[in-house]
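Here the structure is laid out as structure tokens; the discussion comes afterwards.
The values are calculated or read from the model by the stated rules, or taken from the named source; none is laboratory data. These figures come from a predicted structure and were not determined experimentally. No Cβ is skipped: glycine too gets one built from the backbone with ideal geometry, and neighbour counts run over all protein chains shown. To get the accessible areas, we keep the full protein, side chains included, count just its heavy atoms, and leave off ligands, DNA and RNA. Shrake-Rupley method; radii C 1.70, N 1.55, O 1.52, S 1.80 Å.
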Amino acid sequence: MRSTSTLLGSSKPTTGTTCPPRFRSSSLYEPLVRQGFLRQEELALALSDALRKRLDVTTLLMDRYRIPKPAIGAVLAEFYQCRFLAYEEQTHADPDLLKNLSLDYLKVNHWVPLRRQGEGVEVLIDDPQNPDKLLDVRRAFPGLTVSYRVGLRADIERLLSDVCGREVGDPITDILGELVSEAQLEEQQNATIAAITENDSAIVRLANQIIAEAYRRGASDIHIEPYADRKETAVRFRVDGTCFTYMKIPAAYRRAIVSRVKIMASLDIAERRKPQDGKIRFKLSTGQEIELRVATLPTAGFNEDVVLRLLTANGPRRLEEFEFNAETRRRVEQLAHKPHGIVLCAGPTGSGKTTTLHAILAAINTDERKIWTAEDPIEITQDGLRQVQVHPKIGLTFAATMRAFLRADPDVIMIGEMRDKETADIAIEASLTGHLVFSTIHTNSAVETIVRLLDMGCDPFNFSDAMLGVLAMRLCKRICSHCRESYHPTRHEYDELVQAFGEEEWTFEKPAYDAEVRLYHGRGCDVCNHTGYRGRVPIHELMVVSDHMKTLIQGRTRTGELLALAKREGMHTLLQDGIEKVLQGLTTYQQVRAVAIK
């Protein structure tokens, strides 16, 4: 009979966990295919990759194909015939049930007892049909009735990490306490700040913990902001487009934490007078690798700020995930299948332009097409694309790369950014010689993009012949799905929506004001930190260049006339698309108004 030592004091996995979980029945995930979350070949590829790389299948499906956790949970609950339980901040395990169990063992085998009710105990487990795990559970709680809840491995690990945190203290708090103690000791010994180095174990662990916590919270950026005059260094996260202060680091460590990040990014720690750029490949405790883009800038007081952007290390997303309205999506797909021309994606930094272009490329990425991309940096990779990282410092600019592409037999070309006349001219030349060209551009709206390129000095006749369409984008904060509630708007709120949308279009398409009209907002809960918002929703504005519009472009017509024509030809503005998503209960008008212009 197998010894219980692994259960009580060793982290060695049980026999049943030596094989990757859930591969014995690929039918577990078949409902995801039937529900349209992914294709059959994508599921087969995910299962194969998970087996080869020894990854958790559910985590891989959610990260690679953006399958929502509730959908995964519903599939697991149906397959295992027990309730699915997702991790929440308020979810806790009963400490009394863990007294005689090894936390290392539980982490390796992915189960945890949650609570005891009378003669029964509730257990959260990743595989309620694994006989070895079930046997261990019965040995741990003899004589008790066990009821199972199925959960994701990542959620179980987070729950166990919370347990460890409560036992030994919050890791960040412990590290900061250690830093404060060391800083006080240094001060007492009249040591210099230079004596505190980037290789101190506390600094190494602190840098790692900051990155791991930013990833866990879904942050897009990390800002490390040192100050002069012995003020504490601020660390801020940007989540859903909004910055907030995550923690403060003792002033004595401001140079050390910056130097540690620079070492991780292979930058010159001795150079503090000019900006530097680099990348970090960081391995999380779960084994997953993420990539961060690092930028340093000299600031007042002879300090350096560091900004780390967490890059999308996974493959491209699908067009269905971008919540286009039906007509916009149909037009985007039509443009993507044109044989030649230019399609631009416009918007400010961080509005999802590159992610959208990669989704479009994924939709046309077949063996019949040769696709080249020039990017800075390469944030998303996908098989079938030949991707080139531009290096302006050595002369490999977007324009130079484009010229090289034209000698490399392309069908489709994607340029990371159209930032100057030279690049724009080469793109126009490529489109007129039979190539389909995609690019991003930093403009406020689809119509302004046309005017901007003409102002750059592009030839209006060649440009109008080449241009197929412009897709402008913004990201609004999404109403939290956990605390969303409907309400009846006031007449003033309703009239504000009508006026912003346009009275003529509203009366034709939208409902009149009555008791049935409902809008939505977030009440605020622990999941969204009582903000009422969690995640973001995209809004779009697609202008397709018609023959009539080409004539106006050739005559350098004013922006107002171009906009009027585009709206007559069916374009919904950013503001109108945002208001439609307000009526669908995805966001609020305040959020739309904050990012869209009329």
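The modelled label-to-label distance for the pair Q382/R216, using points 7 Å beyond Cα in the direction of Cβ, is 3.2 nm. In terms of distances greater than 23 angstrom between alpha carbons, the cross-link table entries K510/K581; K274/K421; K262/K393; K353/K421 yield K274/K421. Entry comment: accessible area of the chain is 47 Å² per residue, from protein heavy atoms only and a probe of 1.4 Å. By DSSP, the beta bridges lying fully in the chain are antiparallel in about 65 percent of cases. Extension gain for E41-D411 works out to 130.7 nm (0.36 nm per residue, less the C-alpha to C-alpha distance). Peptides 272-285, 217-230 ranked from most to least packed, by the mean per-residue count of other Cβ atoms within 10 Å: 217-230, 272-285.
Using r as the Cβ-Cβ distance of D514 and S201, and R0 as 60 Å, what FRET efficiency do you calculate, to the nearest 0.05?
Details: r = 66 Å, r/R0 = 1.10.
Result of the calculation: an efficiency of 0.35.
With a Förster radius of 41 Å applied to the C-beta separation of K370 and D455, the computed FRET efficiency comes to 0.80. In the chain, the longest principal axis of the Cα atoms and the axis of helix 69-80 are about 50 degrees apart.
Taking N as the number of residues in the chain, what value does Rg over Cα atoms divided by 2.2 N^0.38 Å take?
Working: Rg = 27.3 Å, N = 598, 2.2 N^0.38 = 25.0 Å.
Here the answer is 1.09, to two decimals.
Given N residues in segment 54-148, what is its alpha carbon radius of gyration divided by 2.2 N^0.38 Å?
Working: Rg = 14.2 Å, N = 95, 2.2 N^0.38 = 12.4 Å.
Cα Rg divided by the expected 2.2 N^0.38 Å: 1.14.
The helix-based estimate of mean residue ellipticity at 222 nm for the chain, built from -39,500 (n - 2.57) per DSSP H run of four or more residues and divided by its residue count, is -12000 deg cm²/dmol to the nearest 500. Computed from phi, the 3J(HN,Hα) profile of segment 123-132 under the Karplus parametrisation 6.51, -1.76, 1.60 (θ = phi - 60°) reads 10, 9, 8, 7, 9, x, 10, 7, x, 5 Hz, with x in place of Gly and Pro. Within segment 347-420, all pairs of alpha-carbon atoms sorted by distance into 10 Å bins from zero give the percentages 19, 52, 27, 2. Placing one equal scatterer on every Cα of segment 331-489 and applying the Debye formula, the log10 ratio I(q)/I(0) at q = 0.08, 0.12, 0.15 Å⁻¹ is -0.25, -0.51, -0.76.
Please arrange F302, F322 by accessible surface area, largest first, computed with a 1.4 Å probe and ligands excluded. Please list the in-between numbers first.
Working: F302 175, F322 10 Å².
The residues order as F302, F322, largest area first.
A simple spin-label model places pseudo-atoms 7 Å from Cα toward Cβ; at R138 and H391 they are separated by 6.3 nm.
Counting protein heavy atoms only, the chain has 50 percent of its accessible area on carbon and sulfur, 1.4 angstrom probe. Once backbone amide H atoms are built at 1.01 Å from N, R536 has R478 as its partners under 5 Å, excluding neighbours fewer than 5 places away on the same chain. Average projection, convex hull of the Cα set of segment 491-566: 8.1 square nanometres. Relative to the dominant Cα principal axis of the chain, helix 446-456 is inclined by about 60°.
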